[in-house]
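Participant: Have a look at the structure that comes next, please.
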Amino acid sequence: MSEDPRGRLILEPLSASAWRLCDATAAASDAAHLIAYVEAADDGGYDVTWVFCGRGTGWYPTVDELLRGAIRHLAAAAPRRAKPKPIAHRPPLAAL
């Protein structure tokens, strides 16, 4: 890749210990703009709740690890350009 994907990620503060992780390449009115909610964990690190493409939670020890995790999350959600694989099936039981 020619561009650093971390440059497209923005942590917008909501409070002293909470942020929104946003994608700068998506319009603010687009649902793809909001990637996750991030909170500072009581025992250190950051708790993350993913809201874009695959909900779930995670914990990261540093902001750098959090951003690397977000890049992996976005890459996993990227559209595939390959034709989908056909689903193998059996004939209905009534036909047997």
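The values are calculated or read from the model by the stated rules, or taken from the named source; none is laboratory data. On a predicted model such as this, the values are computed, not experimentally measured, just so you know. Cβ: placed from backbone, ideal geometry, glycine included. Neighbour counts: every protein chain shown. Only protein heavy atoms, including side chains, enter the accessible area calculation; ligands, DNA and RNA are left aside. Shrake-Rupley method; radii C 1.70, N 1.55, O 1.52, S 1.80 Å.
Participant: Please name all residue pairs, on different chains or six or more residues apart, with Cβ atoms under 8 Å, provided the first residue is in region 22-46 and is farther than 15 Å from residue 7 by Cβ and the second residue is open to solvent by 30 Å² or more (accessible area, probe 1.4 Å) and of a type in the set (Gly, Ala, Ser).
Facilitator: Listed pairs, sorted by first residue: 33/27; 39/17; 40/17; 46/40.
Participant: Restricting to region 56-75, what's the tally of residues that are at pLDDT 90 or above, open to solvent by 70 Å² or more (accessible area, probe 1.4 Å) and either touching a helix residue (DSSP H, G or I) at 6+ places or on another chain (Cβ under 6 Å) or assigned to a helix (DSSP H, G or I) (or both)?
Facilitator: So the answer is 2.
Participant: Name the residue that is surrounded by the fewest Cβ atoms within 10 Å (Cβ to Cβ), counting only residues in region 17-40 that are over 15 Å from residue 73 (Cβ atoms) and at pLDDT 95 or above.
Facilitator: Of everything passing the filter in region 17-40, 17 is surrounded by the fewest Cβ atoms within 10 Å (Cβ to Cβ).
Participant: State whether one or more residues within region 40-50 are under 19 Å from the mean Cα position of the chain (by Cα), of a type outside the set (Gly, Ala, Ser) and part of a loop (DSSP other than H, G, I, E, B).
Facilitator: no
Participant: Scan region 42-54 residue by residue and report those that are of a type outside the set (Ser, Thr, Tyr), open to solvent by 30 Å² or more (accessible area, probe 1.4 Å) and touching a Ser or Thr at 6+ places or on another chain (Cβ under 8 Å).
Facilitator: The answer is 47, and nothing else.
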